[in-house]
Ligand code: WT7
């Protein structure tokens, strides 16, 4: 990469020397992993404090047992063990809506987690119990998660915007008898009551659910009944108490979480204490380059796996400051994130790939008007990234001085599996990169046979990894540590791998758009649409009603409107890029795409609109109001 040429697909960009000179992951790490095989993961375990050392890196039994024989406690790893070195260092910095903020040092957080653990124990929570948390990104949520971990209880965090039905299902399926929630919260300046929804869910399940309520709303807007325990009172009753962290087997569950359900039914995933924590700590260090004393900002909701892994467990296990933020990136203004990066001198920043596209749409003057020079690394996750978004992020947010890591993983994988190592590997805009050291992936056909390099297919992981969910660890058992060709984990994503092992993601299998006889990954079509000037974002879905045609939902950049000329231009450009099969039955302009709180485009819902079908519950959306608007525009066409 030289001069002012904008790197495109296939180009390589070297991470800057200013970064690689001090990066956590240095040259040689891939070779070391290749040489040592699965034992190399002891490096990850070495980042943790063990109450009893593990006997073997991975043992094959009923399930693959990572760090078998070892005992540890996650709350101890995130708090107690840091007290000698950094008790007064900020562990958690919270920015709420409406200008509120709070700061917890490691000592403060240690106190509050101990008190919360004492309180939960007092109301009956024991090791192995499931405590459901139904709250927005507030410090009490993190405190509760760590208090559960301290007791060996499992947290089950449910996104605050979910309906009573969804909460009830999750309470029922996890047989959870404890609920930590709040009276309400503020969203875009308006108070939203949460307790009524929580109570409706409690009433809808057959077993008793004991509620603890964090009071968030200013006044007594929400009435707390006799059966509601106040979080603040409970903690007061246990002021100054300490709770010995309960040592857990490395393979014991740490928490349960439901998959986001943007495609298919949400399913329950359970993560382990040792393998999971080691995996997120190692990747937090090597991929996100988090160092002790860094301010790390994962701008996600705590309720999804990204929040668990890289907002709570990785940064705190590594002794960094984690920045938590409640609210919307365009509130009060569209420069909210950059204002916070500047104010808190954020070092490492991690966000959803689709968020980057929104930032582009809002315009570069927002990041350009802030001093973002504290940033050292930029990460993204959640959806395939096109080179244009990559370049925008690299240039306008990182000033071409911060490596950009495009990290691929899933709720089931616990932590990052595919990404460049920012201190080692060159970056290729639009491609996530090779698998992380210790992990092998392949692109396979329907029969599970590898396809040729450069051919599209299904992405499979062919080696086990420490952060694998407990059910994957069960599936991989008895296959000689996954090494006898018998086991592969087919991920549900379509991808292409090139000769150097770099993986380019094409989107979810369930979202495949078949036009005529050609199957396109949505990302392939979308990235071609986005190449057209004035287009900021696009989602392409298949419409079965119209006999297998593609429908494109398109957002234009600020100051541009959508009209028939632009439709024609899009059609022509995409045809040129991808051939005559790549044609759209319809192109619909919309101000926004429907996105979940985890930043995913709800293509399933757009597909339903295209087919004039019922699209069901929209409570998982960050912007549910857009659905009616899209429907109106789509029907007007
Ligand atoms: C699905 C998993 C990973 C935590 C966040 C979501 C998609 C994720 C990327 C990426 C292309 C990506 C995949 C995957 N995905 N990261 N960098 N490039 N696609 O967890 O809700 O379980 O979603 O997100 O389709 O399967 P999740």
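What does DSSP give for the chain in terms of the percent of beta bridges that are antiparallel, rounded to the nearest 5?
Values: 53 of 95 bridges.
Bridges in the chain are about 55 percent antiparallel.
Let me have the relative contact order for region 236-286, percent, based on Cα pairs under 8 Å that are six or more residues apart.
Values: 42 pairs, mean separation 16.4, N = 51.
Computed over region 236-286, the figure is 32 percent.
Between residue 42 and residue 26, 0.36 nm times their residue separation minus their Cα-Cα distance comes to what? Working shown, then result.
Working: separation 16, 0.36 × 16 = 5.76 nm, distance 1.70 nm.
In short, 4.1 nm is gained.
Of 361, 595, 400, how do they rank once you tally other Cβ atoms within 10 Å and put the fewest first? List each step's numbers first, then the result.
Working: 361 17, 595 25, 400 12.
In increasing order of surrounding Cβ atoms, one gets 400, 361, 595.
Can you figure out the FRET efficiency of residue 611 with residue 577, using R₀ = 22 Å and their beta-carbon distance, to the nearest 0.05? Intermediate values should be presented prior to the final figure.
Values: r = 26 Å, r/R0 = 1.19.
Efficiency, rounded to the nearest 0.05: 0.25.
At R0 = 60 Å, how high is the FRET efficiency between residue 400 and residue 479 if r is their beta carbon distance? Nearest 0.05 is fine. The partial results should precede the final answer.
Working: r = 45 Å, r/R0 = 0.74.
So the FRET efficiency works out to roughly 0.85.
Would you list 416, 626 from fewest to most Cβ contacts within 10 Å?
Numbers: 416 30, 626 17.
In increasing order of surrounding Cβ atoms, one gets 626, 416.
Tell me the mean residue ellipticity at 222 nm calculated for the chain from its helices only (DSSP H runs of n ≥ 4, each -39500 (n - 2.57), averaged over every residue, nearest 500).
Numbers: 21 runs with 178 residues, N = 637.
Result for the chain, helices only: -7500 deg cm²/dmol.
Please report 349, 589 as a ranked list, fewest other C-beta atoms within 10 angstrom at the top and most at the bottom.
On the way: 349 28, 589 19.
Result, fewest neighbours first: 589, 349.
Over all alpha-carbon pairs in region 253-300, figure out the percentage whose distance exceeds 14 Å. Each step should come with its number before you reach the end.
Working: 741 of 1128 pairs.
Everything past 14 Å amounts to 66 percent.
Roughly what percent of Cα-Cα pairs across the chain reach past 50 Å? Please list the in-between numbers first.
Values: 14035 of 202566 pairs.
The answer is 7 percent, as a whole percent.
Relative contact order for the chain: what is it in percent, counting Cα pairs under 8 Å that are at least 6 residues apart? Spell out each step's value before the answer.
On the way: 1420 pairs, mean separation 86.8, N = 637.
Contact order relative to length: 14 percent.
What is the Cα radius of gyration of region 480-581 over 2.2 N^0.38 Å, N being its residue count?
On the way: Rg = 16.9 Å, N = 102, 2.2 N^0.38 = 12.8 Å.
In units of the globular-protein estimate, region 480-581 measures up at 1.33.
Could you check the simple spin-label distance between residue 226 and residue 633, using points 7 Å along Cα→Cβ, in nm with one decimal?
Modelled inter-label distance: 5.4 nm.
Radius of gyration and Dmax for region 252-382's Cα atoms, expressed in Å?
Using the Cα atoms of region 252-382, the pair Rg, Dmax is 15.5, 49 Å.
Can you compute the FRET efficiency between residue 100 and residue 49 using 1/(1 + (r/R0)^6), with r the Cβ-Cβ distance and R0 = 51 Å? Round to the nearest 0.05.
Working: r = 33 Å, r/R0 = 0.66.
In this case the efficiency is close to 0.95.
How much length is gained on full extension from residue 12 to residue 445, taking 0.36 nm per residue of separation minus their Cα-Cα distance? Don't skip to the end; give the middle numbers.
Values: separation 433, 0.36 × 433 = 155.88 nm, distance 2.81 nm.
Using 0.36 nm per residue and subtracting the Cα-Cα distance, I get 153.1 nm.
Along Cα→Cβ, 7 Å out, is where each label goes; now give me the distance between the ones at residue 203 and residue 500 in nm to one decimal.
6.1 nm
Read the figures in this text as sums done on the coordinates, not as results from a lab. Treat the numbers as computed from the prediction; the structure is a model and nothing was measured. Virtual Cβ from ideal backbone geometry, glycine too; neighbours counted across all protein chains shown.
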